[in-house]
Amino acid sequence: MDETRKIPRHGNTENEAKTIILAVYQALKKKGYNPISQMVGYILSGDPTYITSHDGARALIRKIERDELLEELVQSYVDKK
């Protein structure tokens with residue numbers, strides 16, 4: 001167990017993940033929630049009730065795996081540095 005594990009990169013879901021993150025963010029904001037806190041709650045727990053169903057956001061975010069969402073967020077953060 002001394003070797004670093006590699007996580008395979010998902011297919012070209014980068015644009016889809018980004019689109020979903022932005023759409024869900026806007027839906028949460030529109031409903032008066034703190035989008036960052038709600039999305040973190042969803043990513044950590046997998047509980048879709050952290051995401052509003054307004055504008056289809058809950059169905060939308062469930063179309064992509066949580067690890068893919070997290071991957072997109074980390075990639076976006078690193079790209080800005």
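What follows is calculated from the coordinates using simple rules that are stated; it is not laboratory data. Only a predicted model underlies this, so the values are computations on that prediction, with no experimental measurement involved.
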Normalised by the number of residues in the chain, what is the relative contact order in percent for Cα pairs under 8 Å and 6+ residues apart? 30
Stretched fully, the stretch from E3 through T19 gains (0.36 nm per residue minus C-alpha distance, one decimal, in nm) 2.3 nm
For n ≥ 4 DSSP H runs only, could you compute -39500 (n - 2.57) per run for the chain, divide by its residues and tell me the 222 nm figure to the nearest 500? -18000 deg cm²/dmol
Karplus-derived 3J(HN,Hα) from phi for the range 67-76 (6.51 cos²θ - 1.76 cosθ + 1.60, θ = phi - 60°), whole Hz, x at Gly and Pro, runs 5, 6, 5, 4, 4, 5, 5, 5, 4, 4
Over the Cα atoms of the range 14-79, each weighted equally, I'd like the Debye log10 I(q)/I(0) at q = 0.20, 0.28 Å⁻¹, rounded to two decimals. -0.70, -1.37
For the chain, set up a GNM with springs between Cα atoms under 10 Å and report which of L70, L22, L60 has the largest fluctuation. L22
In this model, which of K31/K80; K18/K63; K29/K63; K31/K81 are farther than 22 Å apart at the alpha-carbon? K31/K80; K31/K81
